[in-house]
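The values are calculated or read from the model by the stated rules, or taken from the named source; none is laboratory data. Keep in mind that this is a model prediction, so the values were computed, not measured. All Cβ positions, glycine included, derive from the backbone under ideal geometry; neighbour counts span all protein chains shown. SASA here: full protein model, heavy atoms, side chains in, ligands and nucleic acids out. Shrake-Rupley method; radii C 1.70, N 1.55, O 1.52, S 1.80 Å.
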Amino acid sequence: MLDGFYKLLDQNVRHLLLIVPELLVMAGFLLGLIFDCIAPEERRKSTAYICLLFLVAAMWVNVMDWNGIAREQTVLKMVKEVPKDPHRPIVYRSVPVQVMRSDALFTGMIARDTFAMYFKFVVLLGTAVSLLMALNARELAGPNRGEFYLLLTATCLGAMFLSSATNLLMIYLSLETLSIVSYAMAGYLRQDRKSAEAGIKYAIYGAMASGIMIFGMSYLYGLTGSLDLTGPSGIAAKWFELRHAATPSMQGAYLAVLAMVFCGLLYKIAAAPFHYWSPDVYEGAPTTATGFFSVVPKAAGFAVLVRVLIDFFPLGSTSHFGGLTRMETTIAAIAVLTMTVGNLAALAQSNAKRMLAYSSIAHAGYMLAGLSALDDGLGPAATLYYLLVYLFMNLGAFLVLVALENFRGSCDLKDLRGAVRREPLLGVTLVIFLFSLTGLPPLAGFTGKYLIMVKLAERGSWFLVLFIGLNSVISLYYYMRLAKAIAIDPPEAAATPSEPTPSVFNFLAAGQVAALVLLFVYFEPVYNICKGVLEPLK
Amino acid sequence: MDAFANLPVLADSLLGGGPDNLFNYLLLAGILFALGVFAMISRRNAVGILMGVELILNASGINFVAFSRFNGHHLEGQVFALFIIVLAAAEAAVALALVLAVFQTHRSIELDQVDEMKL
């Protein structure tokens, strides 16, 4: 008996070498924590540099891992090529094809696959940019500033584990790591009334959602007898057996259990019936944290949502025993509700942060619309692409807001008036980010929406296409209100002299605009990567 | 009719069937869950709501342990219950710290009064 135990222990220790990115982030967090405790107050900025160093290292290792997996898994495959000219012969050619495999680590707790690596890349990038924002945000300056950087890094760790979790326990643990640390981040400005309120609201809504989710999970465990999502005796497999054999009244009970679990996941991405927390939290939290919340936890939430969805409803297969159309209809309904509620509420806002909070709800709706097409990988792939684009445009908008808030002291539209006169480059880039959020070419926001709409149109979901189109028009109105306030309206009073804006803001904003243009021009390779990373889930 | 057909079984397990069966544990957990949800909805006091959350978490803990014991599964469920206890403690620590921060800024932890941000 002990033999088996030692074998398992040995295996787990060896698996540690395969999660180097997570270990690096953890090391960065711990070293930063130690440094923050012993460093004098004026040196605590360096905590961020320590964390940043490890984040970048983790990103590098992650990309290397990705390459490694891709190369390992390349096999030659015969492909039939039919020339356009009918007189020429049909050619067979052997082409290297990447066969993606999913490695289960730690006895099936997490998966080491390209899907997880894609999301880890997004999460690490988002955290690194947020760290740079936090370093230069005036509202975060003070003797305890190091703590905020550490909280960012710890959240990133939770998000990384969440994007590779394949076991209910692991999903719960990493979701809670992500959430609990986020509560502290939202309430970080302890003397600020709004920030404290945001913190307590986030904590209470989050605890509610995770409580309901965990109760659903307990029934899922009881019904299927497993905590693993995948595998022959995993939840997904058992679920189909059960549903196939169930009486109609039991079917309802199963659906209730599934709904409870999805409730927790939809809460994390702030989809419509579970979005009430997000405007208040986004408005009250420090602006840097708001930008971070709108991207990183949302990305991780989408990762686990896509993984669970595809486990339950495998792409391109008919082995789901019905219920697929019903699931797709449910997601489509949530998507329509989410984008409409988000956009309509955003129209009335007078605070830029709150406006962008509602706008990020709407964007979750667009991304969910992509997930409502589960017949092949194209819909989810479009969602993954959109997520990457969303990272750049939304974080970019918040980046500029942090810079403007530094010298205007508030994110109300009336305080931001005419800010372009002091910061021409930042003002212009903000307008570009807003164009991209609306979905105007030549920016990647357009491509993201286009790919989702094309997929939906292909399978005849014209209703959804119509709603995405209508919502884009609505969103144009409030995005342009913000753009007008910053670029056209005259400033209210003579500018009070203040410190110059650090040039890192200019570099980051310009870089993100460049990324948006590049993602527009070279959307195809990126989209192909997105399609590729879905392979291991099939 | 179906519901009534099960009544004797239900009564049996409630009264005479002995305490040690799955149904009783699930019933207990269900009642705890319902109480927790009720507390979260009806309470205006932040600490009261957090107590409701604790009830829900413990209800799921009981579910996990009960399923683990009666459905012949391995220890997974019991391990899960341990993790729930740990995370409930962590969550309570952070949430109570935030309650303190709210009390310092608002001099109240009644959530109706902690509501500055509105549409």
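Each label was represented as a point 7 Å from its Cα along the Cα-to-Cβ direction; for A:Q191 and A:L242 these points are 5.3 nm apart.
Seen against the Cα atoms of chain A and their longest principal axis, helix A:324-347 is set at about 0 degrees. Here A:V56 and B:I41 are evaluated by their C-beta separation; at R0 = 30 Å the FRET efficiency comes out at 0.10.
Annotation: lysines with alpha-carbon distance below 19 angstrom to A:K531 (same-chain offsets under eight excluded): A:K77, A:K120, A:K449, A:K455. For chain A, the orientation-averaged shadow of the C-alpha convex hull comes to 28.0 nm² (one quarter of the hull surface).
Principal-axis analysis of the Cα atoms of chain A puts helix A:235-245 at an angle of about 60° to the longest axis. Here each label is just a point 7 Å from Cα along the line to Cβ, and for B:F23 and A:T329 those points are 3.5 nm apart. At a probe radius of 1.4 angstrom, the accessible area of the protein assembly as shown per residue rounds to 41 square angstrom. Surface composition of the protein assembly as shown: carbon and sulfur make up 68 percent of the accessible area, probe 1.4 Å. For region A:404-470 and region A:359-388, what is the centre-to-centre distance using only Cα atoms, to the nearest Å? Taking the Cα centre of each part, region A:404-470 and region A:359-388 sit 17 Å apart.
Applying the Karplus relation 6.51 cos²θ - 1.76 cosθ + 1.60 with θ = phi - 60° to region A:56-65 yields 3J(HN,Hα) values of 5, 4, 5, 4, 5, 4, 4, 5, 4, 4 Hz, where x marks Gly and Pro. Roughly what % of Cα-Cα distances in region A:313-538 sit above 27 Å, to the whole percent? Looking at region A:313-538, the distances longer than 27 Å represent 37 percent of pairs. Using a probe of 1.4 Å, the accessible surface attributed to A:F54 totals some 40 Å² when neighbouring protein chains are kept in position.
Compute the accessible area of each residue in region A:162-181 twice, once for its chain alone and once with every protein chain present, using a 1.4 Å probe on heavy atoms, and list those whose area falls by at least 30 Å². SASA drop of 30 Å² or more in region A:162-181: A:L169, A:Y172, A:L173, A:E176, A:I180. In plain terms, the C-alpha convex hull of region A:409-538 casts an average shadow of 10.4 nm² when viewed from every direction.
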